[in-house]
Amino acid sequence: MGTINPDAIPKIVLNNGQVVPCIGMGTFGSDRFTAEQVSDAVYGAIKAGYRMFDCAACYGNEAMIGDVFQQAFRDGLCKREDLFIMTKAWNDMHGDGDILIALAKSLKDLKLDYVDMYFLHWPFPNYHAPHCDVDSRTPDSKPFAVERFMKTWRQLERLVDMGLAKGIGMSSMTIPKLEAVLPLCRIKPAMCEFEEHPCFQQEEVFNYLRGHGIQPVGFMPLGSPQRPERDMEAGDIADMKTPIMQEIAAAHNCHPALICLKWAVQRGAIPIPFSVWEAEYTSNLGSTIDGDPLTEEEMAKIKTLEANNRLVKGQVFLWPGAKDWHDLWDEDGVIVQ
Ligand SMILES: NC(=O)c1ccc[n+]([C@@H]2O[C@H](COP(=O)([O-])OP(=O)(O)OC[C@H]3O[C@@H](n4cnc5c(N)ncnc54)[C@H](OP(=O)(O)O)[C@@H]3O)[C@@H](O)[C@H]2O)c1
């Protein structure tokens, strides 16, 4: 399998001046792939030419990924400053003083002295145990509250002051939540992760982020075919199997996965596809430079695939009194509390 020159991958400049590749690699094993499989893939991906990795404390594999970063440095594959390493604070670490501890743990596991981007994984301070099912609730779960969120965000801002995080980001935000918190930020998010695939495009959120100079990072860019059982529902659409994606892939003589990625990149998002398979992750990276770009007509066809098919509904974050998962997403344009 070939190696792609990282310098050839198109770059994006963030609102804080950081320069990043237009694609990264996810590291969530979806409860199906072991930490060893994921970290082996990270090593292989560095070799293949990836320079951006999306990690998270709750993925349970940062220590092994940290080992392969060290291995890659020792093997001369890249230097620390060549990598753009992102990780996230989990929901049980929003309290006073928690964020510094959360980042310290990730730094220790990843064996780094700074991260390039530190995200607040969810805007809710609600813990749930890894692997729990969607009916699981924590009795002390709380709805989003601006004041509480900002107390946590202030802690992320201090990480930038201390040089422990070069940039900070949010994840799974809605427009009403962004409207409420952005004017209060001393350091604005440079990136925001959001679920994005052809059947769930979130155009309004996407445009809002771009309009505010925040780089959208698209998670589950292929529609996450291996997502945990708990996130699968009858009626979910398999993005890559839709006739439009199949037809465009056939026209480009490639797998529909690569069409999803070309679409995301041409749209202006940074997709972070995951795979443990060398042929897949290498071709995912290559999709940003190989083959023809999508035509305007193809982009327009993919636009018609929008089906509001949210895959991560977030049920486990619901607080006592919340109606259902729709409450998490402020669908009527106001923050549900
Ligand atoms: N911020 C957040 O809250 C959040 C939430 C979810 C995810 N994320 C991040 O987003 C990343 C990506 O999401 P995801 O892993 O759920 O979904 P995804 O990237 O949409 O889908 C990954 C799956 O697609 C298949 N695949 C990958 N490349 C392929 C290719 N070239 N051809 C054919 N199939 C291919 C693989 O399945 P097979 O093994 O069957 O080939 C792989 O397991 C995660 O790893 C994580 O880092 C963030």
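We did not get these values from a lab; they are worked out from the coordinates using the rules stated. Keep in mind the model is a prediction, meaning the values are calculated, not measured. A quick note on method: Cβ atoms are made from the backbone with ideal geometry, for glycine too, and the neighbour counts reach across all protein chains shown.
Tabulated values for the structure
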item	result
Cα gyration tensor category, rounded, prolate or oblate, for the stretch 8-98 with a/c compared to 1.5	oblate
Residues whose placed amide H lies under 5 Å from that of ALA165, excluding near-sequence neighbours	VAL115, VAL160
Ranked ASP330, ASP82, criterion: other C-beta atoms within 10 Å, fewest first	ASP82, ASP330
Gyration tensor verdict on the stretch 56-120 (Cα atoms; rounded if a/c is under 1.5, prolate if a/b is larger than b/c, oblate otherwise)	prolate
Computed magnitude of the charge dipole of the chain (debye, nearest 20; Cβ of K, R +1, Cβ of D, E -1)	860
Per-residue Cβ neighbour rank within 10 angstrom, fewest leading, ASP92, ASP290	ASP290, ASP92
Amide H contacts of VAL217 (H built 1.01 Å from N, under 5 Å, at least 5 apart or other chain)	CYS192, GLU193, PHE194, ILE270
Karplus-derived HN-Hα couplings along the stretch 261-268 (A = 6.51, B = -1.76, C = 1.60, θ = phi - 60°), whole Hz, x at Gly and Pro	6, 4, 4, 4, 5, 5, 6, x
Percentage relative contact order, the stretch 201-337, counting C-alpha pairs under 8 Å, at least six apart	25
Amide H partners (placed H, <5 Å) of MET52, local residues excluded	MET25, PHE84
Dimensions in Å of the stretch 13-157 - Rg and Dmax from alpha carbons	16.1, 49
Of TRP277, SER172, THR242, farthest towards positive along the dipole that unit charges on Lys, Arg, Asp, Glu beta carbons give the stretch 156-300	SER172
Per-residue ³J(HN,Hα) for the stretch 140-155, Karplus 6.51 cos²θ - 1.76 cosθ + 1.60, θ = phi - 60°, Hz, x for Gly and Pro	8, 5, 10, x, 4, 9, 4, 4, 5, 4, 5, 4, 6, 4, 4, 5
Net lengthening on full extension, LYS111/ASP290 (0.36 nm per residue, minus Cα-Cα)	61.1 nm
Pairwise Cα inverse-distance average, inverted: Kirkwood Rh of the stretch 245-337 (Å)	15.8
Per DSSP, loop GluC sites (Glu not before Pro) in the stretch 196-270 with at most 13 further Cβ within 10 Å	GLU233
Order of THR87, THR34 - criterion: other Cβ atoms within 10 Å of each residue's Cβ, fewest first	THR34, THR87
Debye, to nearest 20: dipole size of the stretch 122-239, +1 on Lys, Arg Cβ, -1 on Asp, Glu Cβ	800
Local electrostatic count at MET150 - Lys and Arg +1, Asp and Glu -1, tallied over other residues with Cβ under 15 Å	+3
Leading residue at positive end of dipole, the chain (Cβ point charges), from VAL115, LEU261, CYS22	VAL115
Most mobile listed residue (ALA300, ALA180, ALA234) in the chain, GNM with C-alpha springs under 10 Å	ALA234
Cα gyration tensor shape for the stretch 125-234, rounded if a/c is under 1.5, else prolate or oblate	oblate
Integer Hz, Karplus 6.51/-1.76/1.60 couplings in order for the stretch 10-19, x for Gly and Pro	x, 10, 10, 9, 7, 5, 9, x, 5, 10
The chain, helix-only ellipticity at 222 nm - DSSP H runs n ≥ 4, -39,500 (n - 2.57), divided by all residues, nearest 500	-10000 deg cm²/dmol
Kirkwood Rh, angstrom, the chain [1 / mean 1/r, Cα pairs]	20.2
Lysine pair number, Cα distance threshold 28 Å (strictly under), the stretch 1-146, separation 8 or more or different chains	18
Cα-centre dipole for the stretch 65-134 with unit charges at Cβ (Lys and Arg positive, Asp and Glu negative), debye to 20	180
